[in-house]
Amino acid sequence: CSPGRYLAVSGEIAGHLRGGKWPPMGIFHWPPTGDIVKTYNYASRLLFERIALIARDWPGGTRRAITKVAHVRGHDHAATTTYITTTCPATWSPVPVPWSLVTSNIEVAGTGAYDGLQAADVYAGMLNAAIAPDAYGNCSPDYLLECAHQIRRGPAGQVLNFGIKVLGDQSIITGQSWWPLPGK
């Protein structure tokens, strides 16, 4: 358990802004810049890139994604949607991203509007419990390990840069006693 490195969780749009704390777990050095809007947009870009790649590689053929994201109080979602639909497709990426698969149907809704909109918070909490020590210095990876089969993996079964994106030293994940994650 070693807190303090940069981390983004695919599916989690950089946590929620609650009472000026970012993220709610408070252990990561996040945001990497002092600009919350830029950080939110960057984390959104990582999320939407992964959604686009999943849609492209969907078993049975390419699909268009219908994307519903949870509203974050105090955030300008229209600006982020414009960033995702306009700026990201025009920006170079080291991996070709099929932006057209994710940019035509984005909806921002309250967390109670659809089943699953709170799932990102749940998964982020599981990851946080697995890597952040409690007051006694213990980590709790049990929930993460129970759901490990649900985390997106690459063609060779790799989790890093597919289901979990680490910005910086990857040993925050790879140095854990429970690493590598079981299952495929």
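Structure data summary
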quantity	calculated
Long-range HN-HN contacts of K68 with modeled amide H, under 5 Å	E107
Listed peptides 84-91, 124-131 by packing density, highest first (mean Cβ within 10 Å)	124-131, 84-91
The stretch 53-99: trypsin sites (Lys or Arg not before Pro) falling in loop per DSSP and having at most 10 other Cβ within 10 Å	R73
Most to least packed among 35-48, 141-154 [average Cβ atoms within 10 Å]	35-48, 141-154
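We did not get these values from a lab; they are worked out from the coordinates using the rules stated. If you're wondering where the values come from, they're calculated on a predicted model, not measured in any experiment. Positions of Cβ are generated from backbone atoms using ideal geometry, with glycine treated the same way; all protein chains shown enter the neighbour counts.
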